[in-house]
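Below: one structure, written as structure tokens.
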Amino acid sequence: MSSFPLFTRVSESLRFGNLAHTLAGSQGRLSRLEADLATGERVRVPSDDPLGATRILALQRTLRRSDVFLRNVDEGIGRLSAADGSLSTIGDLLVRAKEILISQSGDTATADTRAQSTVEIGQILEEMLAAANLTFAGRSLFAGSESDAEPFRIEGQTVVFRGDTQIGSVEVAPGMRVESSVSAYEAFGALSATIGSRADLDPVLARDTMLRDLHGGTGVRLGSIEIRDGAGGLTVVDLSGAETVGDVLDRLNDDGFVEADLDAARTGIRLSRDGADLTVMEVDGGYAANDLGIAGRELGAAFDGSDLDPALRASTRLSLLRDGAGIERTGLVVRNGERTATIDLSEADTVGDLLNAIGTSGAGVRARIGADGRTIEVVSELAGADLRIEDAGGTSASELGLVTPVEEILVDRLNDGFGISTVEGDDFVIDLADGTTVSVDIDGAGTLGEVIEMIGAAGAGKLEAALEGGEARIRIRDLTAGTGALRIRAANGSHTADSLGIAGEGTGGVLSGSDLRPSGARVLGAFQAVLSMRDALQADDPDRLQALQTYLDEASDRLLSARADLGGRLSRLELSRNRIDDEKARIEEIVTELNGVDLAEALVRYQEETTLYQAVLSMASQSLNATLLDYLR
Amino acid sequence: MSLLSALGVARSALDAQTASLQTVGQNIANAENEDYSRQRVEHVAAFTDDYVRFQIGTGVRIARIERVIDANLEEAIRDAASRLGDLDARDLFLQRLESIFGEISENSLGQELSEFFDAVSDLAMRPDDYGARVTLASRGETLADAIRFVEERVRGVRKDLDGEIRTAVDEVNRLTAEIAQLNEEILAAEGGGIDVGTANDLRDKRDGALRDLAALMDIHAVETSTGVVNVVSQGEFLVFADRAEMLEYETRADDGVIEAQVRFSGSGRALAPASGEVAGLLAGRDEIVPTIEADLDALARAIIGEFNALHGTGTGLEGLSDETSTNAVSSVGTRLDEAGLPFEVRHGSFSLEVRNENTGRVDAYTIAIDLDGIGTQTTLEELSASIAAAVALDHPEIEASLTSDGRLRIRSTSSAVTFSLADDTSGVVAALGLNPFFTGSDARTMAIDARITDDPNRIAAGQGGGAADGANAEAMAALRDRRFLDGGGATIEEYYEGMVGALGVMARDASERAEDQEAIVNHLGAERSAISGVNLDEEAIQLMRYQRAYQAASRFLAVVDGLLETLLSAV
């Protein structure tokens, strides 16, 4: 209508044309309004409002994703609630186990009652297994990613764990995940019995060492570097895209400006150029030279870069370990409770081969590279078993750092893992041949070696304390002359000497203690505690039963802390649900505002437009009828 | 000076009024003829007879019957028609394109993308749920189908545009031939330029043809002193006097569409009008639609490439036992980054992990892809050899070979031994299409790997863990939020939305401009109509006027006749 032209002379076609135009415009607007009213949406195709459409599309996408996130949250909440139910059942079972423990280690209990309790504790174990093997929506609650396996199974005197400790998570916002399960490690200490290398296995570099494994796995930042020879000569080497140390060496050597190779110790890169005073710099503020350990000014005609410290990988060759000294290949013996495996390493070339050999040995262990990328770890799948690793005639296990020397055995591990007891002040007194006495306080001793040292120090030259031939057995020799007997007795009412196996009298100035029975690595958790209780009941040993109370308490604490973590995850999911609900409501509001039709306004406009349309129609029918010709006679 | 000459005056008057009446009749008859310009009769006094002291009139004569037109207006109308033709064409095909991408709230590619990624997230959460796998497989298939379908329809628009271009060019040829023909007829009718401007109806026809031609392509029309119109476009004569220069086209295949390349037959120059319907159609076929096709291809490529790179290095519920790459190299002896693979291969490496399903033993072999330009460069032949060499000692049951059509095949001959790929820094897994989720390399060829639909357990949700290992699915789901398109500025969905948004802006712009231009054309038409159009009332008045004049002339004749009778009765 805006283009309705006004002319002084109006031709027939103009008259009809204008009317047709007006009617078409009116019809167009009417149909548009009808569609708006029918769909309630203002923007149906992007060209209706291109800018608004892009926003609406993005918002609708967010809305659809919110629904997915809500589903995820619900799934996570369901899974965690199921896990919580299972853990609380097991917690109750542990309480029952503790009641049995207290009653059966008391004075009123007899061998008969303990035999009966063995049956009951057996039932508790069964119920615990059933609860720990529960599934949610067909998926094991505690099996980690190995969901198709029943995670816990009794095998002989042990409970074997078949799953892994992967913790599932659900996405609750773009790129944000909340953990939606509790691992068997957290809840039951599964796979917690670990023997790891005692020291960094320190592999050296090889040409095929990946650059991303350098600096303990941090990798290097690549770019171009500039090398000057101090006499005006220079070269720029582009290292980007290099994958291995060999690639870097090839590129450095490529134009013949410098000679590059691994240094003699194979820990870094050696650069040399005859008669030059080399300077290596970054290009464009990169980090390549620095990260490759070769940055520096006026380094001379040849120099060794710094230690690049490659991380341990499955592909690392065993010959590169221990600063290039390698590992002796006789093999190792793994003892895991009732299972023992001798592992032959003569065919193993790489760390991966070694891990495979250990993992497939049938000893109920898994082997992996430690999280720091410097050690290997052997992990037991068994609860109720002690894990020990020994050399198989050679030094393989020792070189891998998997054998603990007797001196370094932790005192907590002594006596089957019950440790030693000490008291405030002196722990025991040693009577010597010359009639003098030595008071010994071993508070603060962490290892067996430290205990020996402390006894020796207290003796001040009057006695000698040592370990019996590499065994966990203390020998004390009286160095004084006299007729008195060498005797060790308790001080301050402590049981320390007892627990160190050296209480009593020596013969011939020598007191040989009893075997301190250091435990291996063992799982600390509900299954271990209950299995140990069953053993103690079967063995009719109330003292051991009594001592197991710590185990049971530790297992309960572990379970409680897992449930606390679980609660935290649950509440994070609940919070996410609220956040998503809020966000959804807000976005829906915006979409309505952007895309919604204002019904009142649209109806009014529809009314106006209809009236106008009718007016035009009636005008047309009236005026188009009449021409002067009608009046000509 | 005689009664007889007075009779002559009466006759001339009757003749003139008759002619005028006829013209009025012609005007009324053509009242609804759009091309018609109303005609006006110009009366002049006839030659006078000279006497000694005075002159006496001999009646009336028709000086000319002329069209009431404004020549400048005609040119403005033609220009406006050219622009409208261009914009209308754009408006039409943009609307068609827009409809292909679907309505905002209903099933559209955008929704398919969302649902596909939703299914990936779902699998990440429930990797051990067969239903989640089936859903993802079917979502992937639907997505690939949707992208292919959209591409096909966009290509269809290009095909349609090509057809319309051919039709329009045929129409241009018809019109130029008609104008040339009319030029010839007008020249003949106007006596070779003596009575320029008298062949009214022919000229109306020619003006109409010129307006139609202008709607198709921008032209410049020049009337010469002899009354012929020469038509020029792009500096080339389309019509010169009675000769028309034909446009011709040759066809060539472009990406599955046979396209007509239009050119001037004389000079061979390509037709590239600045405006007019042909310009709009050409812009659509050669610029706008190809841009959208390229955007779609980029989208499909991104999804295929990135998704396959992750999928190829993940693990399904069962390991791989016989895997042949889906993409072939042009030559097995060419370095991989130049071997015609659809995705980029860089210097790097990947890891081949061989698993013994019975013992659980896993051996990993790093396979280097050497493409740094120093020493030997990896070819498919060497890749196959280096895989075979790596596994030879521990796993002779793993075989790597080349197929006759340039693909890599890795096979385990033992049912207990499977393999998987991991840690690919070279891009070779996606480029070769090993253990892929999608196949193809652009919007037209994108499809889901048939083995995935046959066996959804193949979907690589994990990274070497158990059945509930969703680590790889999580990584694939994270693709959704990664901005790697548009030079790192857009996620897959944002890119798509940007594409649709840009199309929306274009469509909106074209339709608004077309509407504005239509208003201009209407206004000019109205202006022309105001000048040249027929008004029936006006014609009715003219009719009465000439009727009266005729009646008066008849009366005059009767009087003269009476006088003559008186005279004759006197002799």
Item to check | B:Leu524 open to solvent by less than 60 Å² (accessible area, probe 1.4 Å), of a type in the set (A, V, I, L, M) and over 30 Å from B:Ala309 (Cα atoms) | outcome: yes
Next on the checklist: I need the full set of residues from segment A:27-41 which are at negative phi and either at the interface with chain B (Cβ under 10 Å from one of its Cβ atoms) or surrounded by fewer than 19 Cβ atoms within 10 Å (Cβ to Cβ) (or both), in order please.
Outcome noted: A:Gln27, A:Gly28, A:Arg29, A:Leu30, A:Ser31, A:Arg32, A:Glu34, A:Ala35, A:Leu37, A:Ala38, A:Thr39, A:Glu41
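Among the residues of segment B:275-314, write down those that are open to solvent by 30 Å² or more (accessible area, probe 1.4 Å), among the aliphatic types (A, V, I, L, M) and in contact (Cβ under 8 Å) with a residue 60 or more places away in the chain.
Taking segment B:275-314 first, the residues open to solvent by 30 Å² or more (accessible area, probe 1.4 Å) are B:277, B:286-287, B:290-291, B:294-295, B:297-298, B:301, B:306, B:309-310.
Going one step further and asking which of them are among the aliphatic types (A, V, I, L, M), we end up with B:294, B:298, B:309-310.
Listed by number, the residues that qualify are B:Ala298, B:Ala309, B:Leu310.
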Checklist entry - Restricting attention to segment A:108-122, does a residue exist that is under 27 Å from the mean Cα position of the chain (by Cα) and assigned to a helix (DSSP H, G or I)? => result no
Checklist entry - Considering only residues of segment B:495-512 that are facing chain A (nearest Cβ under 7 Å) and of a type in the set (D, E, K, R), which is most open to solvent (accessible area, probe 1.4 Å)? => result B:Arg508
Next on the checklist: Out of everything in segment B:353-368 that is more than 8 Å from chain A (Cβ to nearest Cβ) and of a type in the set (Val, Ile, Thr), what residue ends up being nearest to A:Leu354 (Cα to Cα)?
Outcome noted: B:Val354
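Could you list, in sequence order, all residues of segment B:249-259 that are in contact (Cβ under 8 Å) with a residue 40 or more places away in the chain and either surrounded by 14 or more Cβ atoms within 10 Å (Cβ to Cβ) or among the β-branched types (Val, Ile, Thr) (or both)?
B:Tyr249, B:Val257, B:Ile258, B:Glu259, listed by residue number.
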Next on the checklist: Take the conditions within 10 Å of chain B (Cβ to nearest Cβ), within 24 Å of A:Ile580 (Cα to Cα) and surrounded by fewer than 21 Cβ atoms within 10 Å (Cβ to Cβ) and apply them to A:Ala58. Does it pass?
Outcome noted: yes
Checklist entry - Within the set of pairs 6 or more residues apart or between chains, which connect a residue that is more than 20 Å from A:Pro310 (Cα to Cα) inside segment A:247-272 to a residue that is part of a strand (DSSP E or B) and among the acidic types (Asp, Glu) with Cβ atoms less than 7 Å apart? => result A:Asn253/A:Glu259; A:Ser272/A:Glu259
Next on the checklist: I'd like to know if segment A:567-582 contains one or more residues that are open to solvent by 80 Å² or more (accessible area, probe 1.4 Å), part of a helix (DSSP H, G or I) and of a type in the set (A, V, I, L, M, F, W, C).
Outcome noted: yes
Checklist entry - Only one of these conditions is not met by A:Thr165: (1) within 14 Å of chain B (Cβ to nearest Cβ); (2) open to solvent by less than 30 Å² (accessible area, probe 1.4 Å); (3) touching a helix residue (DSSP H, G or I) at 6+ places or on another chain (Cβ under 6 Å). Which number is it? => result (2)
Next on the checklist: Give me the residue from segment B:162-196 that is β-branched (Val, Ile, Thr) and more than 23 Å from the chain's Cα centre (by Cα) and, out of that set, surrounded by the fewest Cβ atoms within 10 Å (Cβ to Cβ).
Outcome noted: B:Ile194
Item to check | Selection within segment B:339-361 - open to solvent by 20 Å² or more (accessible area, probe 1.4 Å) and of a type in the set (A, V, I, L, M, F, W, C) | outcome: B:Leu341, B:Phe343
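Per-residue answers, yes or no, for (1) more than 21 Å from B:Gly284 (Cα to Cα); (2) within 14 Å of another protein chain (Cβ to nearest Cβ); (3) open to solvent by less than 50 Å² (accessible area, probe 1.4 Å); (4) not small (Gly, Ala, Ser):
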site	(1), (2), (3), (4)
B:Gln95	no, yes, no, yes
B:Leu109	yes, yes, yes, yes
B:Phe116	yes, yes, yes, yes
B:Ser121	yes, yes, yes, no
B:Gly131	yes, yes, yes, no
B:Thr135	yes, yes, no, yes
B:Ala144	yes, no, yes, no
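Condition check ((1) in contact with a strand residue (DSSP E or B) (Cβ under 6 Å, 6 or more places away or on another chain); (2) closer than 14 Å to B:Glu497 by Cβ; (3) not small (Gly, Ala, Ser)) across all residues:
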position: A:Phe16; (1), (2), (3): no, no, yes
position: A:Leu23; (1), (2), (3): no, no, yes
position: A:Gln27; (1), (2), (3): no, no, yes
position: A:Arg32; (1), (2), (3): no, no, yes
position: A:Ala35; (1), (2), (3): no, no, no
position: A:Glu41; (1), (2), (3): no, no, yes
position: A:Leu57; (1), (2), (3): no, yes, yes
Checklist entry - Does segment B:278-300 include one or more residues that are within 30 Å of B:Leu187 (Cβ to Cβ) and not in a strand (DSSP E or B)? => result yes
Item to check | Residue that is most open to solvent (accessible area, probe 1.4 Å) [pool: residues in segment B:436-484 that are of a type in the set (Lys, Arg), part of a loop (DSSP other than H, G, I, E, B) and within 14 Å of chain A (Cβ to nearest Cβ)] | outcome: B:Arg483
Checklist entry - Got at least one residue in segment B:40-58 being within 13 Å of chain A (Cβ to nearest Cβ), in contact with a Lys or Arg (Cβ under 9 Å, 6 or more places away or on another chain) and among the acidic types (Asp, Glu)? => result no
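For the structure I just gave you, tell me whether A:Phe418 is within 38 Å of the chain's Cα centre (by Cα), aromatic (Phe, Trp, Tyr) and buried (at least 16 other Cβ atoms within 10 Å of the Cβ).
Working: within 38 Å of the chain's Cα centre (by Cα): yes; aromatic (Phe, Trp, Tyr): yes; buried (at least 16 other Cβ atoms within 10 Å of the Cβ): yes.
Considered against the rule, which asks whether it is within 38 Å of the chain's Cα centre (by Cα), aromatic (Phe, Trp, Tyr) and buried (at least 16 other Cβ atoms within 10 Å of the Cβ), A:Phe418 comes out as yes.
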Next on the checklist: Let me spell it out: the conditions are (1) over 29 Å from B:Leu380 (Cα atoms); (2) within 11 Å of another protein chain (Cβ to nearest Cβ); (3) not charged (D, E, K, R), and B:Gly487 meets all of them except one. Which number is the exception?
Outcome noted: (2)
Checklist entry - Condition test on B:Thr376, is it within 14 Å of chain A (Cβ to nearest Cβ) and either surrounded by fewer than 20 Cβ atoms within 10 Å (Cβ to Cβ) or at pLDDT 95 or above (or both)? => result yes
Checklist outcome for this item: Of those in segment A:524-546 that are more than 33 Å from the chain's Cα centre (by Cα) and not in a helix (DSSP H, G or I), the residue nearest to A:Arg114 (Cα to Cα) is A:Asp540
Next on the checklist: With modelled with pLDDT of 85 or more, touching a helix residue (DSSP H, G or I) at 6+ places or on another chain (Cβ under 6 Å) and charged (D, E, K, R) as the only criterion, which of A:Arg65, A:Arg42, A:Arg71, A:Arg29 stands out?
Outcome noted: A:Arg29
Checklist entry - From the list A:Asp307, A:Asp274, A:Asp247, which residue is open to solvent by less than 20 Å² (accessible area, probe 1.4 Å) and of a type in the set (D, E, K, R)? => result A:Asp247
Checklist entry - Quick one: how many residues across segment A:376-414 are assigned to a helix (DSSP H, G or I) and touching a residue at least 40 places away in the same chain (Cβ under 8 Å)? => result 9
Checklist entry - How about segment B:534-550: which of its residues are at the interface with chain A (Cβ under 8 Å from one of its Cβ atoms), of a type in the set (A, V, I, L, M) and touching a helix residue (DSSP H, G or I) at 6+ places or on another chain (Cβ under 8 Å)? => result B:Val534, B:Leu536, B:Ala540, B:Ile541, B:Leu543
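The values are calculated or read from the model by the stated rules, or taken from the named source; none is laboratory data. This one's a predicted model, so the numbers in the text were calculated from it and none came from an experiment. Every residue, glycine among them, receives a Cβ derived from its backbone with ideal geometry; neighbour counts consider all protein chains shown. Accessible surface is based on the protein model in full, side chains and every heavy atom, while ligands, DNA and RNA are left aside. Shrake-Rupley method; radii C 1.70, N 1.55, O 1.52, S 1.80 Å.
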